[in-house]
1. Scan around Ala52 for amide H atoms under 5 Å from its own, H built in the peptide plane at 1.01 Å from N, and keep only partners 5 or more places away or cross-chain.
2. If you put +1 on each Lys and Arg Cβ and -1 on each Asp and Glu Cβ, how big is the dipole of the range 1-149 around its Cα centre, in Debye rounded to 20?
3. What nm value, rounded to one decimal, do you get for the distance between Ala33 and Arg127 when each label is placed 7 Å out toward the C-beta?
4. Quick check for the range 85-157: number of Lys pairs with alpha-carbon distance under 18 Å, counting only pairs 8 or more apart or on different chains?
5. Using θ = phi - 60° and the Karplus relation 6.51 cos²θ - 1.76 cosθ + 1.60, list the HN-Hα couplings for the range 140-146 in order, rounded to whole Hz, with x at every Gly or Pro.
6. Bin width 5 Å, origin at 0, all Cα-Cα pairs of the range 1-134: what percent of pairs per bin?
7. Show me, for the range 13-23, the HN-Hα J-couplings you get by feeding each phi into the Karplus relation (A = 6.51, B = -1.76, C = 1.60, θ = phi - 60°), rounded to Hz, glycine and proline as x.
8. Mind ranking 5-11, 108-114 by how tightly packed they are, going by the mean number of other C-beta atoms within 10 angstrom, highest first?
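The values are calculated or read from the model by the stated rules, or taken from the named source; none is laboratory data. All values reported here derive from a predicted model rather than from experimental measurement. With ideal geometry, Cβ positions are generated from the backbone for all residues, glycine too; neighbour counts draw on all protein chains shown. Surface areas here come from the heavy atoms of the whole protein model, side chains and all, with no ligands, DNA or RNA. Shrake-Rupley method; radii C 1.70, N 1.55, O 1.52, S 1.80 Å.
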Amino acid sequence: MINNDVLRSIRYMLDLSDPKVVEIVHLADPAFALDKAQVQAFLKKDEDPGYAPCDDAVLARFLDGLVFHYRGRDERLPPRPLETRITNNLVLKKLRVAFELKDLDMHQAFADAGFPVSKPELSALFRQSDHKNYRPCGDQMLRNFLKGLTLRIRGDK
């Protein structure tokens, strides 16, 4: 899925303002250069003037910042290295950690979006990429998960 779409979906889901998105990114990396104008450019549609593609560095910091925002930071642990390549599977993992979702919660989010997923399918998404039962998360699957999670968090039906 395109990083801009992921950012747009999460921003809508949590009803975040542009300055709040910048604040969340800075939770993960205070030295990262990002301002409100750049966030607005990421949120525009592809064909709109002023559109800017959201790169993996921004989305990685945003997702890590979400984890810190909701779960807090453990100062005893060394900082984790930032991911250089954001995949749909990684987005699922980060959202699962940020919102403290159990398997049952994830199945419910998929079901709420009208996209039921079996237990083996779900567990395959969270395996290491070199594991024989690993399955990449498709764009449609991530889109439906974000939709189901939005329904759960916002309560929009």
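1. Those lying under 5 Å, H to H, from Ala52 are Phe42, Lys44.
2. The dipole of the range 1-149 has a size of about 420 debye.
3. Label at Ala33, label at Arg127, 4.3 nm between them.
4. Total qualifying Lys-Lys pairs in the range 85-157 comes to 9.
5. Working through the residues one at a time gives 5, 5, 5, 4, 5, 5, 4 Hz.
6. Percent of Cα pairs in each bin: 2, 9, 17, 22, 19, 15, 10, 5, 1, 0.
7. Once θ is set to phi - 60°, the couplings for the range 13-23 become 4, 9, 6, 8, 7, 4, x, 5, 4, 4, 4 Hz.
8. 5-11, 108-114
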